[in-house]
Structure formats: structure tokens, C-alpha cells
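Everything on this sheet refers to the single structure shown next.
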Amino acid sequence: MTPIGIFDSGYGGLTILKEIRKELPQYDYLYLGDNARAPYGTRSFDVVYEFTLQAVKKLFSAGCRLVILACNTASAKALRSIQQNDLPQIDPSRRVLGVVIPTVEALGEISKTGNIGVLGTPGTISSGTYDIEIAKFFPRFRTVSQACPMWVPLVENREYDGDGADYFVEKYVEALFAEEPETDTIVLGCTHYPLLLQKIERQVAGRATVVTQGGLVAKSLADYLHRHPELEARCSKGGAVNYLTTENPEKFTEMASIFMEQPVRASRTDL
């Protein structure tokens, strides 16, 4: 069995896995959440790189030949180093992909004014990855970014439906619009944020299009597999999904079942 690996620091990557399974249900998947060390959003570049590389190696050892970093912080702080420095030594035939590029590529068809807002973890925002990649693809676009340090804890502690979440959604969304009132497209640059989508869209109130990543990443993966038939042929197709967590599996199972909207069973692993 050679599943497609999906990695996230916690639960957020499940929003990516959910959309990938809708788009590509035939493949086997192995999800790994490093919940014991989450969140990654406030950690340094070196630590995020170290933890992410450990997770990638774990998924490779479990048979994965393709791994998706379904985590914006890991994509921003670790992906390039792993692709350029580690993969050639580990196995040049294996691949590690992220979630930032598929998101950025789609903005040209979504934004009408080129005024892009990015909401993300402190780690993703401080990395400047979205600003850099958007400037590469669309040099005339203007990007403003807003760190949302409270959003992941709200989701992880299942407070995303509560009144407290309303306060922090308003705070960060309005800070973004205060910096650039003409923003017409807002990227949710963290895979946890779709659980706050209704509150975010209510606060945005039609001023901008809110972009979630799951569907974009799923379509990008389908295109990637089509363009790399040699890799696609080595991905097993049994429609199975297995879950690994570095935390308590019962705790993970309970939360993951909410994200996936179906029963989930997980096993504990070490990295």
C-alpha cells in the first residue's frame, strides 16, 4: 500500500484531506497530525523545519511516495528546504508539495482589483511567503496581511461557534480592512480557518470574496497527478484513509470526526 500522505501540525489539514477525498476518492490516504507539538504557528523557522522533516520521513517510512503539507506554516517555513536539500538525499523520486502555491495560482481568476488580503497564523504571516509568491505570479497585485493568533486556539478548543470567536473574528477582519479598505479577495491562509468561515463571511459582509484552500489544493493535486503519471501509477487505489497522531488517539478521534463530518479512528505514533 502506497498512500498519499497528508501532514498537518494538528487538525486543520483535515479540511484539506476532506476536499481531496471529494475530488480524488479512489486513492488511499494516510493523515498524520503532530498534535502533541501543535500549534506550529508561533514556532521558529528552524523548529518548524525540524518537526516537518520528521513528519515527512515518518510518512515516507509508511510507504508514501507523495506527501502534501496541508499546513500553511509548514509550507511557508519548511517546504522549500525539504524540496531542495532533503529530498535529493532521501529519495529524488519522492515528492513533497504544499498548500500556498495552489492557493496563490487561483487568485488571478478570483480577484478583480488585485487587492489581496491574507489572514494567517503569526508564523505564516511573518514568513512573508504569501506576499512573495503573490508578487511572483501577479506583480501588479497588492497584498496586505493580518496575523490571527487566537483563531487556531479557538478552533482547537472547540470555541469556534461561541461568542468569544465573534470578537476575535471582528478584530482581525476589521484590522485587515483598516489597512486596505479596497481589499476584494481574502485568503484564509490557515487550514483551521474554514471552521470559522460562517463568522468570517458574516463579518466581511460582501466586501470581499473569502477564499478557502481545500478545493483549490484538491484540484491542483488532481492536475499534478495527471501531469506525473509515473508517480500517479505508484499511488495505491483502495479508497482507504488511516489516521496517525502524536497525541492521545481518543482525543484526536473526537476532534477529527468533527472536521471530517464522519467517524474517524486514529492510532498514536512517535516522530
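Answer yes or no as to whether Gly117 is within 22 Å of Tyr193 (Cβ to Cβ) and not in a helix (DSSP H, G or I). Spelling it out, Gly117 is indeed within 22 Å of Tyr193 (Cβ to Cβ) and not in a helix (DSSP H, G or I).
Given the criteria open to solvent by less than 10 Å² (accessible area, probe 1.4 Å), farther than 24 Å from Arg37 by Cα, in contact with a Phe, Trp or Tyr (Cβ under 8 Å, 6 or more places away or on another chain) and β-branched (Val, Ile, Thr), does Val118 qualify? Spelling it out, Val118 is indeed open to solvent by less than 10 Å² (accessible area, probe 1.4 Å), farther than 24 Å from Arg37 by Cα, in contact with a Phe, Trp or Tyr (Cβ under 8 Å, 6 or more places away or on another chain) and β-branched (Val, Ile, Thr).
Residues considered: Gln26, Gln54. Of these, the only one that is modelled with pLDDT of 95 or more, out of contact with any strand residue (DSSP E or B) (no Cβ under 6 Å at 6 or more places or on another chain), assigned to a loop (DSSP other than H, G, I, E, B) and on the phi < 0 side of the Ramachandran plot is Gln26.
Among the residues of the range 29-45, those identified as among the small types (Gly, Ala, Ser), touching a strand residue (DSSP E or B) at 6+ places or on another chain (Cβ under 9 Å) and part of a loop (DSSP other than H, G, I, E, B) are Ala38, Gly41. Of the residues making up the range 134-163, those that are over 16 Å from the mean Cα position of the chain (by Cα), assigned to a helix (DSSP H, G or I) and within 22 Å of Thr185 (Cα to Cα) are Ile134, Ala135, Lys136, Phe137. Note on the range 82-115: residues that are of a type in the set (Ser, Thr, Tyr) and surrounded by 15 or more Cβ atoms within 10 Å (Cβ to Cβ) total 2. Can you tell me how many residues in the range 137-158 are in contact (Cβ under 8 Å) with a residue 24 or more places away in the chain, more than 14 Å from Tyr40 (Cα to Cα) and open to solvent by 10 Å² or more (accessible area, probe 1.4 Å)? Final tally of qualifying residues: 10. Of all the criteria given as (1) under 20 Å from the mean Cα position of the chain (by Cα); (2) open to solvent by less than 80 Å² (accessible area, probe 1.4 Å); (3) polar (S, T, N, Q), the one not satisfied by Gln198 is (2).
Look at the range 219-244: where a residue is at positive phi and a partner is at pLDDT 95 or above and surrounded by 14 or more Cβ atoms within 10 Å (Cβ to Cβ), sitting 6+ places away or on another chain with Cβ atoms under 8 Å, you get Gly239/Tyr27; Gly239/Asp28.
The values are calculated or read from the model by the stated rules, or taken from the named source; none is laboratory data. Remember, it's a predicted structure, so these values are computed and weren't measured experimentally. Note that each Cβ is placed from the backbone with ideal geometry, even for glycine, and that neighbours are counted across all protein chains shown. Side chains are part of the model used for accessible areas, which takes the heavy atoms of the whole protein and leaves out ligands, DNA and RNA. Shrake-Rupley method; radii C 1.70, N 1.55, O 1.52, S 1.80 Å.
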